[in-house]
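The values are calculated or read from the model by the stated rules, or taken from the named source; none is laboratory data. Predicted model only: the values in this text are computed from it and were never measured. Positions of Cβ are generated from backbone atoms using ideal geometry, with glycine treated the same way; all protein chains shown enter the neighbour counts. Surface areas here come from the heavy atoms of the whole protein model, side chains and all, with no ligands, DNA or RNA. Shrake-Rupley method; radii C 1.70, N 1.55, O 1.52, S 1.80 Å.
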Amino acid sequence: MSTTENNRKPNVETNATSSATSSATSSAASSAKANATSAANIKTEKFRKKSKLKQGGLKLLLADIIGLGSALIIFVIPFLFILVNSLKDRRGANKMSLAMPETFEWGNYLEVIKTNNYMVITAFKNSAMITVGAVVVLIITASMAGYIMQRRRDKVTTWANAIIMIGLMVPPAILPTIWVLQFLHIYKSMFSIIMLEVAINTPFTIMLYRGFMNTIPLELEESGFIDGCSKIRMFTNIVFPLLKPVTATVVILNAVTIFNDFVNPLYFFPGNKNATIQLTLYNFMGQFSSSYNMLFADVIIIVVPMLILFLIFNKRIVEGMVAGAVKG
Amino acid sequence: MDKKKYSLWFLAPSMIIFFVMFIVPTVSSFYFSLTVWNFDSIKFTGLDNFKMFFSESHLNIGIKNTLIYAVLTSGLKVILAFLLAIFLTSAIRTKTMIRSLVFFPNLVSTIAIGLTFKAMMHPTKGLINSALGLIGLPNIDWLGNTDLALYSIILTDVWKGLSIATVIYIAGIQSIDKTYYEAASIDGASGWHKLLHITLPLSRPSRNSVLILSFIGGIRTFDMIWAMTGGGPGFATDVLASIVYKQYAAGFYGLSTAGNVIMLILIALLAFPLQRYLYKREEA
C-alpha cells in the first residue's frame, strides 16, 4: 500500500511522457539493428516511422479534443449551470436552463447573505472557527502521537495503533456520542464540535505523520540526545520542523474535510446560532424551495473558498489526497 | 534506552480525545442498541431493536440499499477511474487540464453537489432531461421513480468520487517500472497486450485502495442521499445512515443506535475481510 508513495516522488510529469515515448525509442532501437544488416531497408524504415508518427499525431489530436470536450461537458457544465442561474431573477432561474441571464442580478448574493439575520456570515464564522481550531489541535496532537508511534515499538504503541485503525473504518455512533457530550455538559458548544472533528480525523492524521516519520533518519535525534537535548525540545526544535511537508498535507486535507462536513455539525452542533456553512444550504432548501436563484447563490458562496484554495494549491492538494488515500 | 527517549506522554493528548469522543461512544453503542432509551430513562429490551430492524420493511430496505450503494459505487469507480487514468497517462497534451477538471468536484461539499444534481435531474425542466430531449429521448423521472432514484444518486456519487479514484490510479500507473514496457515492446507486444499484462496487474495496489475506500464510503453514505431525496420517494432511497437520522429525529433512540451498530457490523463483516483478502493477494 505504501510502496507507491516513494516511487512517485521523482517528477510525475516526465514519467508520463517518457512512458509514451518509450515504445517509440525501443522500436527505433530494434529497427537500428535491421538497418545495419541491409542498407536498402533504411529508406523504407524511415518512411514507415514517419507515417506512423503522423497517424499517431492525428489520433492524439482527436483524443485531446474528445477528452477535453467530454471533460468540459461532464465536469464543468454542472458548475456553470449553478453560476448562471444564481445570477438570474426568480422566474428565470426556475426555468433551470443553461442560457445566460438576461440581466445580471448580483443582488441575489447580497440577499442570500442578509437572509435570516445574516445567517451566512454567522455560519462562515462558525465554520472558520471549527476548521482552524480543529486543524491546529490535530497538528499538535497527531504529530506528537505519530512521532512516538513510529519511533517506539512496544506493546502500548501496538495497541494504540490497533485502536486508531478502527477509527479509519467505523463511523461514529451518533446518539451515544451525544450522550457522552451531555454527560460532560459540553453538548452544542464550539469546544465539543472542535474536539469531535479532532477525534474523527485523528486516525487518518496520525497515519500520515507516522508514515512520514519513517523517512526521517534516526541519526539527528541520536546526536541531539548526546548533546543533552530534552525530550520536549527534541520534538519541538528538531523533529517537528522536519515534518513540514506532511504538515502541509495535513492542513489542506483536514481543512477541506472539516469545512465540507455536514453530518457532524448536523448532529452535534444544532441550533440556528450554531449554523455552519454546509447547514445554511440545508436550511435554505426548505425556505427557498421555489427560488432557485437564491439557493444556487448560496451554493456558489460555498464553492468559492474551495475554488480559490484549489487554484492556489492545486498540485499540493492532488498529491496530498493521493498520499492520504494510498496510505488509508 | 528507547523508552527513555520516547515518552508515552506524547501519545496522551491524541489518545484521550480519541478515547472520550470516539471509543467510548462506539463501545457503549452496543449496549444502547439493546435498549429503549432517551437521555432520562433507559429500559433493557434485548434484541428487540434488531428484530424490528430486520422485519419492518421501511427499516430493512436501508440495509439492502446500503449494500447496493456500496457495491455499485465502488465497482463503477474502480472500472471508470481505471479507464480514465489510462487515458490521462497517455501522450495526450491536455491531460493536466483534464485532470484539474476531473479533480475539482472532490473539493466541493457533497451537499452542494447533491443539490446541483437534484436540480439537473428535475423531471420536467432539468438539464439532463433537456439534453436527452435533444436526441429524441423521453423525459425520465430520475429521482421520483422509486425503482430508479437510488441509481440516480449512485451515478451522482460516482461523478463526485471518480476524481480521487482516478488520481490514485494515475499515481499507481506512473510508479510502474518503465523497463517492463520497454521489454514488452522489444518482444513485439501491442499496446493492448501491454495494458492487459503489465498495467492491469501492476496497478493492483491502487485498485485495492480505490475499492476499499469507496466501499467503506458507500456503507457510510448520508450527505448525498439527504441532499437529493431525503430517503424518498417513500423509503425507496433510505440507507442505514439516513434511517439512523430519521429514528433519532423521531425520538426512537434505541432503533437509531441499532442502525449504527448494524453499520459497524457490516463494515466488520465485509470491508475488513475484503481488505485482508486484497492485501494478502497483493503481497503474494
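For the reader, a short list of remarks on this structure follows.
The rows are residues; the columns are (1) free of Cβ contacts under 8 Å to residues at least 60 places away in the same chain; (2) open to solvent by 50 Å² or more (accessible area, probe 1.4 Å).
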| position | (1), (2) |
| --- | --- |
| A:Phe235 | no, no |
| A:Pro265 | no, no |
| A:Leu281 | yes, no |
| A:Val303 | no, no |
| A:Lys315 | yes, yes |
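- Odd one out for A:Ala275 among (1) hydrophobic (A, V, I, L, M, F, W, C); (2) part of a loop (DSSP other than H, G, I, E, B); (3) free of Cβ contacts under 8 Å to residues at least 60 places away in the same chain: (3)
- None of A:Lys125, A:Lys155 is under 30 Å from A:Asp89 (Cβ atoms) and out of contact with any Pro (no Cβ under 6 Å at 6 or more places or on another chain) except A:Lys125.
- Within segment A:138-152, if we keep just the residues that are more than 8 Å from chain B (Cβ to nearest Cβ) and either of a type outside the set (Gly, Ala, Ser) or not in a helix (DSSP H, G or I) (or both), the residue that is farthest from the chain's Cα centre (by Cα) turns out to be A:Gln150.
- A Cβ distance below 9 Å, combined with a sequence gap of six or more or placement on separate chains, defines the contacts here; from segment B:149-175, residues that are without any contact (Cβ under 8 Å) to a residue 12 or more places away in the chain reach residues that are open to solvent by 20 Å² or more (accessible area, probe 1.4 Å) and of a type in the set (Asp, Glu) in the pairs B:Ser175/A:Glu5.
- Residues in segment B:190-227 that are among the basic types (Lys, Arg) and closer than 17 Å to B:Thr73 by Cβ were compared, and the one that is least open to solvent (accessible area, probe 1.4 Å) is B:Arg207.
- Verdict on A:Pro241 being at pLDDT 90 or above and more than 10 Å from every other protein chain (Cβ to nearest Cβ): yes
- B:Phe104, sole failed condition from (1) over 25 Å from B:Ile68 (Cβ atoms); (2) more than 24 Å from the chain's Cα centre (by Cα); (3) facing chain A (nearest Cβ under 8 Å): (2)
- Of residues in segment A:288-301 being open to solvent by 20 Å² or more (accessible area, probe 1.4 Å) and either in a helix (DSSP H, G or I) or at pLDDT 85 or above (or both), the one nearest to A:Ser97 (Cα to Cα): A:Tyr292
- Pairing residues of segment B:123-140 that are more than 10 Å from A:Met96 (Cα to Cα) with residues that are of a type in the set (Asp, Glu) and open to solvent by less than 90 Å² (accessible area, probe 1.4 Å), at Cβ distances under 8 Å and at least 6 apart in sequence or on separate chains, gives B:Pro123/B:Asp141.
- Sole exception among (1) surrounded by fewer than 19 Cβ atoms within 10 Å (Cβ to Cβ); (2) part of a helix (DSSP H, G or I) for A:Ile164, by number: (1)
- So A:Val180, is it buried (at least 22 other Cβ atoms within 10 Å of the Cβ) and at pLDDT 90 or above: no
- Within segment B:118-139, tally of residues that are within 14 Å of A:Ile77 (Cβ to Cβ) and within 7 Å of chain A (Cβ to nearest Cβ): 4
- Screening the candidates B:Ala70, B:Ala85, B:Ala91 for the property of being at the interface with chain A (Cβ under 10 Å from one of its Cβ atoms) and either out of contact with any Phe, Trp or Tyr (no Cβ under 7 Å at 6 or more places or on another chain) or open to solvent by less than 10 Å² (accessible area, probe 1.4 Å) (or both) yields one hit, B:Ala91.
- In summary, A:Met190 fulfils each of the numbered conditions (1) surrounded by fewer than 20 Cβ atoms within 10 Å (Cβ to Cβ); (2) within 30 Å of A:Asn314 (Cα to Cα) with the single exception of condition (2).
Here's the yes/no breakdown for (1) touching a residue at least 24 places away in the same chain (Cβ under 8 Å); (2) among the basic types (Lys, Arg); (3) buried (at least 18 other Cβ atoms within 10 Å of the Cβ):
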position: B:Thr229; (1), (2), (3): yes, no, yes
position: B:Gly232; (1), (2), (3): yes, no, no
position: B:Asp238; (1), (2), (3): yes, no, yes
position: B:Tyr248; (1), (2), (3): no, no, yes
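- When segment B:1-47 is limited to residues that are closer than 19 Å to A:Gln182 by Cβ and touching a strand residue (DSSP E or B) at 6+ places or on another chain (Cβ under 9 Å), the one that is nearest to the other protein chains (Cβ to nearest Cβ) turns out to be B:Phe32.
- So A:Asn35, is it at pLDDT 80 or above and assigned to a helix (DSSP H, G or I): no
- Residue list for segment A:174-198, restricted to those being in a loop (DSSP other than H, G, I, E, B) and free of Cβ contacts under 8 Å to residues at least 40 places away in the same chain: A:Leu184, A:His185, A:Ile186, A:Ser189
- Just one of the listed residues (B:Trp142, B:Trp159) is facing chain A (nearest Cβ under 8 Å), closer than 17 Å to B:Tyr69 by Cβ and open to solvent by less than 50 Å² (accessible area, probe 1.4 Å), and it is B:Trp159.
- Considering (1) modelled with pLDDT under 90; (2) under 20 Å from A:Val322 (Cα atoms); (3) open to solvent by less than 20 Å² (accessible area, probe 1.4 Å), the lone condition that A:Ala248 does not fulfil carries the number (3).
- For segment A:119-126, the criterion of being open to solvent by 50 Å² or more (accessible area, probe 1.4 Å), assigned by TED's automatic domain parsing to the domain that holds A:Asp298 and either touching a residue at least 12 places away in the same chain (Cβ under 8 Å) or in contact with a strand residue (DSSP E or B) (Cβ under 6 Å, 6 or more places away or on another chain) (or both) is satisfied by at least one residue.
- Of the residues making up segment A:193-203, those that are within 7 Å of chain B (Cβ to nearest Cβ) and either at positive phi or open to solvent by less than 10 Å² (accessible area, probe 1.4 Å) (or both) are A:Leu196, A:Val198, A:Ala199, A:Thr202.
So that you can scan it fast, the table gives a plain yes or no per residue for (1) of a type in the set (Gly, Ala, Ser); (2) touching a residue at least 60 places away in the same chain (Cβ under 8 Å):
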{"position": "B:Lys5", "(1), (2)": "no, no"}
{"position": "B:Ile23", "(1), (2)": "no, no"}
{"position": "B:Phe50", "(1), (2)": "no, yes"}
{"position": "B:Ile61", "(1), (2)": "no, yes"}
{"position": "B:Ala81", "(1), (2)": "yes, yes"}
{"position": "B:Arg93", "(1), (2)": "no, no"}
{"position": "B:Leu101", "(1), (2)": "no, no"}
{"position": "B:Leu107", "(1), (2)": "no, no"}
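- Matching residues, segment A:87-114, being open to solvent by 50 Å² or more (accessible area, probe 1.4 Å) and assigned to a loop (DSSP other than H, G, I, E, B): A:Asp89, A:Lys95, A:Leu98, A:Ala99, A:Met100, A:Glu102, A:Thr103, A:Phe104, A:Glu105, A:Trp106
- Residue check, B:Lys246 within 11 Å of chain A (Cβ to nearest Cβ), modelled with pLDDT of 90 or more and under 28 Å from B:Leu269 (Cβ atoms): no
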